[in-house]
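Have a look at the structure below before the remarks.
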Amino acid sequence: MHLCYYEVMYNSRYDAIILLGGGVNLDGSVDDSAKERLERASQIYSQGNTQAIIVCGLHGYKGVKKPLLSEAQAYANYLESLGIPSESIYLETKSQETLGNLLFAKMHIIMQHKWDSLLVIPTQNQMTERIDYLLNKIFGNDYSWDMLRVGENIEQTNLDREAKSLKHTK
């Protein structure tokens, strides 16, 4: 069973948290919406609910200019500044979009560690329905996962863009 939460259940344990990419400024700093997700992941880690945090992303494919740091590296730096040990942070630095975030995290990190229980924290702009679809396609029934929403952009332009992305993904 896969669930979407706005708060992690008290006794939930996960092998890893996956933080999907999105939210790095050109100077390599983390934007405020990403900080909120990173701080939530740090809190869950510090409570002992996971052993690892996977940070995803090279940079978005739509950007004309590339940030100084990959999304994954900027996220890792921020998590370390919050006290998360570097050996608990895993970087997926090849992807430039959501599908790649999940696929490369699975292929290059999750399968190697034989992790099967995951908590996914998408960006505010990623619709729950689309992330759920991608998780089912990529992870299937061999993995258990939950999704934690830390804000969600419900502006009509974002909903339309995400619906279009979901349609093209299917």
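All of the numbers you see were taken from the coordinates with simple rules; none came from a lab. Values in this document were obtained by computation on a predicted structure and should not be read as measured data. Quick reminder, even Gly has a Cβ in these numbers, built from the backbone with ideal geometry, and neighbours come from all protein chains shown.
Measuring from label point to label point, each 7 Å out along Cα→Cβ, what is the SER86 to GLN43 span in nm?
About 2.8 nm separates the two model spin labels.
Which of the residue pairs LYS35/LYS65; LYS66/LYS94; LYS65/LYS94; LYS65/LYS114 have a Cα-Cα distance greater than 25 Å in the structure shown?
In this structure, LYS65/LYS114 exceed 25 Å between Cα atoms.
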